[in-house]
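Engineer: One structure, as structure tokens, below. Some questions next.
The values are calculated or read from the model by the stated rules, or taken from the named source; none is laboratory data. Nothing here was measured: the structure is a model prediction, and the numbers come from that model. Every residue, glycine as well, gets a Cβ built from its backbone with ideal geometry; the counts of neighbours run over all protein chains shown.
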Amino acid sequence: MLRIALCDDDREDLGRLERDIGAFRTALGPEAELALRCFTSGTDLICAINRGERFDIILLDVVMPLCDGIETAREIRLADKAVRIIFLSASAEFALDSYDVKAFSYLLKSGPREKLFLALREAAGEVESAPGHCALVKTKTGLVRLQYHAIAYLEVVGKTITFTMSGGEKYEMYGTLSDAEEAFLARERFLKPHRSYIVNMDCVRRLSERELTMADGSRVPVSKANYTEVKRRYIAYCFGRGAANG
């Protein structure tokens, strides 16, 4: 899930940004997961981060009262070195200052929406390709980095684990499902419906007592012993995702 924060003291500009992010989410497609938080002051944003909230991308107004965007970014960097900060301003006056806080981009508010979308896509690409967002899989032909969000499900047969991707590609590695459980089941999107499978709930289209129907039409069995917990987890995940995207 891509976590984005917006911070602007001008509520009209903030509302426009929210609409832009909504359009960006639509452009990414129906599989896109995006959680959005809005702040009207740098102080509120800093407090949220100091309480433990984390974001992948922050869209930050430069000119704000009390704590301006540059100072806000300096405080953010004390707690989070990795977050991608995109500054938004009515002028290029503070563009050089943005380098001091390792800004990802500096955009003019009067610029076209396409420039914002391009910066967001590039920032999101960096987030998704970061080591923590990928699984390193040793296949027969060498090491392959697979993005977690793009893995539809894992299946083990004997001593072979098959990774089926949301685009239909398949990768095989030697091992048991228990070898993958620690890395995958620690992530909210994955669950284990059967002793031979781990699935990405974003790629599930239907749940029944006996099976999960995946987005590509394939079916993954659900064991009788696991059904109640699988149903609980899947419903909770879907409702949580809807709230985050709403």
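Engineer: Determine, yes or no, whether Arg25 is loosely packed, with under 15 Cβ neighbours inside 10 Å, in contact with a strand residue (DSSP E or B) (Cβ under 9 Å, 6 or more places away or on another chain) and closer than 16 Å to Ala123 by Cβ.
Structural biologist: Taking the combined requirement at face value, the residue does not satisfy it.
Engineer: For Ser166, indicate whether it is polar (S, T, N, Q) and buried (at least 16 other Cβ atoms within 10 Å of the Cβ).
Structural biologist: Here the answer is yes, as Ser166 does meet what is asked.
Engineer: Would you please name the residue that is modelled with the lowest pLDDT, looking only at residues in segment 22-42 that are assigned to a helix (DSSP H, G or I) and more than 11 Å from Leu2 (Cα to Cα)?
Structural biologist: Among those residues, the one meeting the criterion is Leu28.
Engineer: Tally time: how many residues in segment 135-150 are surrounded by 12 or more Cβ atoms within 10 Å (Cβ to Cβ) and small (Gly, Ala, Ser)?
Structural biologist: 2
Engineer: For the structure I just gave you, tell me whether Ser178 is in the same structural domain as Val156 (by TED's automatic domain parsing), surrounded by 14 or more Cβ atoms within 10 Å (Cβ to Cβ) and out of contact with any Gly (no Cβ under 6 Å at 6 or more places or on another chain).
Structural biologist: Values: in the same structural domain as Val156 (by TED's automatic domain parsing): yes; surrounded by 14 or more Cβ atoms within 10 Å (Cβ to Cβ): no; out of contact with any Gly (no Cβ under 6 Å at 6 or more places or on another chain): yes.
So Ser178 fails the test.
Residues checked against (1) in contact (Cβ under 8 Å) with a residue 60 or more places away in the chain; (2) charged (D, E, K, R); (3) under 19 Å from Glu122 (Cβ atoms):
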residue: Glu18; (1), (2), (3): no, yes, no
residue: Pro30; (1), (2), (3): no, no, no
residue: Ser41; (1), (2), (3): no, no, no
residue: Asn50; (1), (2), (3): no, no, no
residue: Leu59; (1), (2), (3): no, no, yes
residue: Arg74; (1), (2), (3): no, yes, no
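Engineer: Can you find even one residue in segment 150-166 that is under 22 Å from Pro30 (Cβ atoms), without any contact (Cβ under 8 Å) to a residue 40 or more places away in the chain and assigned to a loop (DSSP other than H, G, I, E, B)?
Structural biologist: Scanning segment 150-166, I find no residue that is under 22 Å from Pro30 (Cβ atoms), without any contact (Cβ under 8 Å) to a residue 40 or more places away in the chain and assigned to a loop (DSSP other than H, G, I, E, B), so the answer is no.
Engineer: Return the only residue of Tyr197, Tyr234 being in the same structural domain as Tyr148 (by TED's automatic domain parsing) and closer than 18 Å to Gly168 by Cβ. Steps first, please.
Structural biologist: Numbers: Tyr234 fails: closer than 18 Å to Gly168 by Cβ.
Being in the same structural domain as Tyr148 (by TED's automatic domain parsing) and closer than 18 Å to Gly168 by Cβ holds for just one of Tyr197, Tyr234, which is Tyr197.
Engineer: Moving on. How about segment 96-110: which of its residues are crowded, with 16+ Cβ neighbours inside 10 Å and not β-branched (Val, Ile, Thr)?
Structural biologist: Asp97, Ser98, Ala103, Phe104, Ser105, Tyr106, Leu107, Lys109
Residue-wise test of (1) crowded, with 18+ Cβ neighbours inside 10 Å; (2) more than 18 Å from Leu34 (Cβ to Cβ); (3) of a type in the set (A, V, I, L, M).
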residue	(1), (2), (3)
Pro112	no, yes, no
Ala124	yes, no, yes
His133	no, no, no
Ala152	yes, yes, yes
Gly158	no, yes, no
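Engineer: Within the set of pairs 6+ apart or on separate chains, which have a first residue in segment 167-188 that is in a loop (DSSP other than H, G, I, E, B), a second that is surrounded by 12 or more Cβ atoms within 10 Å (Cβ to Cβ) and at pLDDT 85 or above, and C-beta atoms under 6 Å apart?
Structural biologist: Gly175/Ile161
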